[in-house]
Amino acid sequence: MSKNEIQRREFLKRMGIGSIALGAGLGIPKVLAETDNGFLVENKEQYGMTPVELLSGKEFPYQIKPDILKNMPNRMTVFSRDGWDPVRREERKKVREAQGGRSMFQINMIDKKGKSPNQTRLDYALMQASWATAHMDPFYNWETQSYSIKQLAEFGKWDPSDNDLSWEEASVALKHASLFYGASLAGIAKYNPLWVYDEYIHAQEGSNRKLIPENISNVIALAFEEDYDGICNSPGRLASAATGDGYSRMAVTAHKVAEFIRALGYQAIPAGNGTALSIPIAIDAGLGELGRNGLLVTPKYGPRVRIAKVFTDMPLVPDPPIRFGVKEFCDSCMICAKDCPSGSISVDEQTWEGKSVSNSNGAKKWYIQPEPCNDYNGFSCSNCKRNCPFNKPNNSWIHKLIRDNINLKSKALDKIMVKMDAASGYGVEVQASEFWEKDGKASITSRDPQA
Ligand code: SF4
Ligand code: SF4
C-alpha cells in the first residue's frame with residue numbers, strides 16, 4: 001500500500017468518515033500532510049486555494065472559561081439595545097447632533113441632492129433594494145406553511161439507508177442542497193446550547209416566546225459570500241448594498257434548507273442573526289476562524305461573508321473545526337485595528353472579557369466595541385473586511401505561508417509581506433464609479449462558481 005493510501009485511510013479513520021462515496025467534492029479533501037492536531041488538506045470548493053488544517057481531536061480553535069461564558073441575552077446585543085436602552089439613545093443622539101441634526105440619508109439624498117461620490121441616488125437605490133427579502137419574517141418561520149412539504153413530512157423521518165446512503169453521505173447531501181439553494185459555504189456543527197440567546201433557551205417571565213426544543217442535536221451553518229467590489233467600496237453605500245444582499249440571500253436560502261429538512265420528516269429552525277450567536281456556530285461547523293476584527297474569517301472568502309444557520313434534530317455527522325493560522329496572523333497584522341475609523345477593534349492581546357455590555361464574554365478573543373462601530377457612518381462600514389489580507393481572492397503569499405508552517409505553531413507572519421501587500425494597492429477604497437463601469441457578470445451571483 002502506498003504512503004498516500006495509508007495517509008488517506010488514517011485520515012478517514014480519524015475523521016470518523018466511514019463509507020462515504022469517495023470523490024464527492026464536499027466530502028473528501030486532498031490530504032497534504034499529517035499534523036500534530038489532524039491533517040493539512042486542500043479542497044478548492046470549500047477552502048479555495050488555502051490549505052487548511054482539519055482538527056481531528058477535541059481541540060477547537062478557541063478557548064472558553066465555563067464560569068464566565070453564559071447564554072448571551074438577545075436584548076443586550078447592540079441592535080436590540082438601540083431600541084430600548086437610554087444609554088444608547090443618548091449616544092445616538094450625540095452622533096445625530098454631530099451631523100447637524102441630520103441623518104446620513106438626509107445629508108446625502110436631500111442636502112447633497114444624491115450627487116455625492118459613493119453616496120449617489122444610484123448607490124442608495126442598489127443598497128435599499130438589496131435588503132428586499134432580508135427582514136421578511138416568514139422565511140424564518142419555525143414550522144412549514146407549505147402543504148407540499150407537509151405532505152412529504154407525513155411519511156415520517158427519512159432513513160438514508162432506504163436510498164442506500166449512510167448518514168455521512170446524507171450529511172454531504174444536506175450540504176450539497178444548501179449550496180444548491182444559494183449558500184456559498186455549508187458546514188455542520190454539533191448543537192451547543194451555550195451559543196443560543198438566553199431568551200430562546202430559558203423561559204422568561206411573562207413571555208410566550210418559543211424555546212429551542214431539547215431534541216435539537218445539530219446546526220447547519222451557512223455562509224454567504226458578499227460581493228468583492230461592493231465591499232471594497234466601503235465606507236461607500238455599495239458596501240451596504242453587498243451586506244444587504246447577503247442578508248437577503250441568507251433569509252431565502254435558510255428558509256429553503258429548513259423546508260428541505262422538514263420534507264424529510266425532521267425539525268428545522270432557520271435563523272439569520274437572531275436566535276443564537278452565528279460566529280461560534282460557524283467556527284464549530286468548520287467554516288473558519290475568528291479574526292481580530294471580531295468576524296468569521298473563512299479560507300475561501302476571508303471575512304467577506306454573512307452567516308445564517310438552521311437548527312435540526314436530523315442525526316447528521318458534524319464537520320471538524322479548522323485552523324489556517326488566522327490567530328497567529330492577526331497577532332502581528334493589526335491592519336483592521338489601525339484602520340478602523342471608529343476605534344472599535346482592539347490593538348491589545350486577546351482577553352476573556354470585553355469592555356461593552358453588548359460583548360458575549362467567556363471566550364479568549366479580541367473583543368470589539370459594537371457601539372462606536374454601529375454608530376459610524378450610519379451603520380455603513382465594512383472597512384475591516386475590505387482591508388483584511390484574507391479578503392483578497394487567491395492571496396498567494398498567505399497560502400504559501402500556511403503551507404510552509406504546517407503545524408501552525410510558529411509566529412508565521414513576515415511583516416514585510418503585509419507591507420508589500422499594502423504597497424501593491426490592495427485594500428484601498430474602490431470608487432462606486434469603478435463598480436458601475438464593470439460588467440455585471442462579475443458579481444457573485446452570476447459568475448462561474450469555479451472562477
Ligand atoms: S465595520 Fe468599520 S467601524 Fe466597525 S469595526 Fe469594522 S472598520 Fe471599524
Ligand atoms: S486585517 Fe489583519 S488583524 Fe485584522 S482580521 Fe484581517 S488578518 Fe486579522
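Here are the numbers for the structure shown:
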item	result
TRP352/ASP198 FRET efficiency (R0 22 Å; Cβ-Cβ; nearest 0.05)	0.70
Largest to smallest accessible area among PHE105, PHE39 [probe 1.4 Å]	PHE105, PHE39
3J(HN,Hα) from dihedral phi, the range 287-299, Karplus parametrisation 6.51/-1.76/1.60, rounded to Hz, x for glycine, proline	8, x, 10, 8, x, 4, 6, x, 10, 5, 10, 9, x
Amide hydrogen neighbours beyond the local backbone of THR35, cut-off 5 Å, H modeled	LEU40
Amide H contacts of ILE188 (H built 1.01 Å from N, under 5 Å, at least 5 apart or other chain)	ALA221, ASP319
Isolated Cys residues of the chain, judged by Cβ distance under 4.7 Å to other cysteines	CYS232, CYS330, CYS333, CYS340, CYS373, CYS381, CYS388
Over 19 Å between alpha carbons, listed pairs LYS190/LYS327; LYS30/LYS300; LYS150/LYS309; LYS65/LYS210; LYS300/LYS385; LYS309/LYS365	LYS190/LYS327; LYS150/LYS309; LYS65/LYS210; LYS309/LYS365
For LEU69, residues with placed amide H under 5 Å, excluding near neighbours	none
Inter-centroid distance (Cα atoms) of the range 338-361 relative to the range 95-113, Å	28 Å
Length gained when the stretch GLU154-LYS93 is fully extended (0.36 nm per residue, less Cα-Cα span)	16.6 nm
Taking N as its residue count, the alpha carbon Rg of the chain over 2.2 N^0.38 Å	0.99
Added length on full extension, which subtracts the Cα-Cα distance from 0.36 nm per residue, LYS44 to SER103	16.9 nm
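The values are calculated or read from the model by the stated rules, or taken from the named source; none is laboratory data. Keep in mind that this is a model prediction, so the values were computed, not measured. Backbone-built Cβ (ideal geometry, glycine too); neighbour counts: all protein chains shown. Just so you know, the surface numbers come from the protein's heavy atoms only, side chains and all, with ligands and any DNA or RNA stripped out. Shrake-Rupley method; radii C 1.70, N 1.55, O 1.52, S 1.80 Å.
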